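The values are calculated or read from the model by the stated rules, or taken from the named source; none is laboratory data. Every value quoted in this text rests on a predicted model; they were computed, and no experiment measured them. Cβ placement follows ideal geometry from the backbone for every residue including glycine, while neighbour counts extend to all protein chains displayed.
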Amino acid sequence: MTEAQKQQAPRDISNPGKSDRIRLLLVDDEVAYADVLSNRLGKRGFDVQKAYSSPEALLALRTQKFDVAVLDLKMPDMDGIEVLKIAKQEDPDLQVIMLTGHGSATACEQGLALGAFDYLMKPCELDTLVEKIHEAFQKKSED
């Protein structure tokens, strides 16, 4: 397989030992929730990095490359909309899924207008989130 073919080949997320898994940034200030969700997503084959605050998320985005971010909307230090704005400036190709337990139609519309791929309400089914992550990754691959 040529180098170009390798780059175009779909990632095999079914093999957690491979380094080409979907790189996911999970941002949520609810530590227990983030830990459980990270563990469950890791078992589904994602390469998950957690951030428990907006500054931690921004540091991760500036120092690492991610395919998809799952971003909580309501956080104490800086809300998810502000993080989304900065994240899209840093990496316009990053696909962001907004995740919120305090959703409002206005906030969701604002997030989508700023480039979020989609949004989900907490708690959401794990299968639904996994499907959205795959869809977001597919969109990133097409762009």
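Annotations for the structure displayed:
- Any hit, region 8-23, residues being at pLDDT 95 or above and touching a strand residue (DSSP E or B) at 6+ places or on another chain (Cβ under 6 Å): yes
- Selection count, region 118-127, where residues are in contact with a Leu (Cβ under 9 Å, 6 or more places away or on another chain) and farther than 20 Å from GLU30 by Cα: 1
- Within region 97-114, the set of residues being without any contact (Cβ under 8 Å) to a residue 40 or more places away in the chain and in contact with an Asp or Glu (Cβ under 6 Å, 6 or more places away or on another chain) comprises just one member, ILE97.
- Within region 73-91, residues that are more than 21 Å from THR63 (Cα to Cα) have Cβ atoms under 7 Å from residues that are assigned to a loop (DSSP other than H, G, I, E, B) in these pairs: LEU73/ASP79; LEU73/HIS102; LEU73/GLY103; LYS74/HIS102; MET75/ASP29; MET75/SER53; PRO76/ASP29, counting only partners at least 6 apart in sequence or on another chain.
- Annotation note: Cβ proximity below 6 Å between a residue of region 115-134 that is of a type outside the set (Ser, Thr, Tyr) and a residue that is part of a loop (DSSP other than H, G, I, E, B) (sequence gap 6+ or interchain) occurs for MET121/GLY103; LYS122/GLY101; VAL130/ARG44.
- Among the numbered conditions (1) touching a residue at least 40 places away in the same chain (Cβ under 8 Å); (2) in contact with an Asp or Glu (Cβ under 9 Å, 6 or more places away or on another chain); (3) exposed (fewer than 15 other Cβ atoms within 10 Å of the Cβ), the only one that LEU94 does not meet is (3).
- Residue check: LEU71 meets all listed conditions (1) surrounded by fewer than 15 Cβ atoms within 10 Å (Cβ to Cβ); (2) under 23 Å from ARG21 (Cβ atoms) but one, namely (1).
- Close contacts from region 43-65, counting a first residue that is in contact (Cβ under 8 Å) with a residue 60 or more places away in the chain and a second that is not in a strand (DSSP E or B), with Cβ to Cβ under 8 Å and a gap of 6+ residues or different chains, come to ARG44/ILE13; ARG44/LEU126; ARG44/VAL130; PHE46/ILE13; PHE46/ARG21; PHE46/ILE22; PHE46/ILE133.
- Condition met for GLU142 (surrounded by fewer than 17 Cβ atoms within 10 Å (Cβ to Cβ), more than 14 Å from ILE22 (Cβ to Cβ) and not small (Gly, Ala, Ser)): yes
- For region 53-92, the tally of residues that are of a type in the set (Val, Ile, Thr) and over 24 Å from THR106 (Cα atoms) stands at 1.
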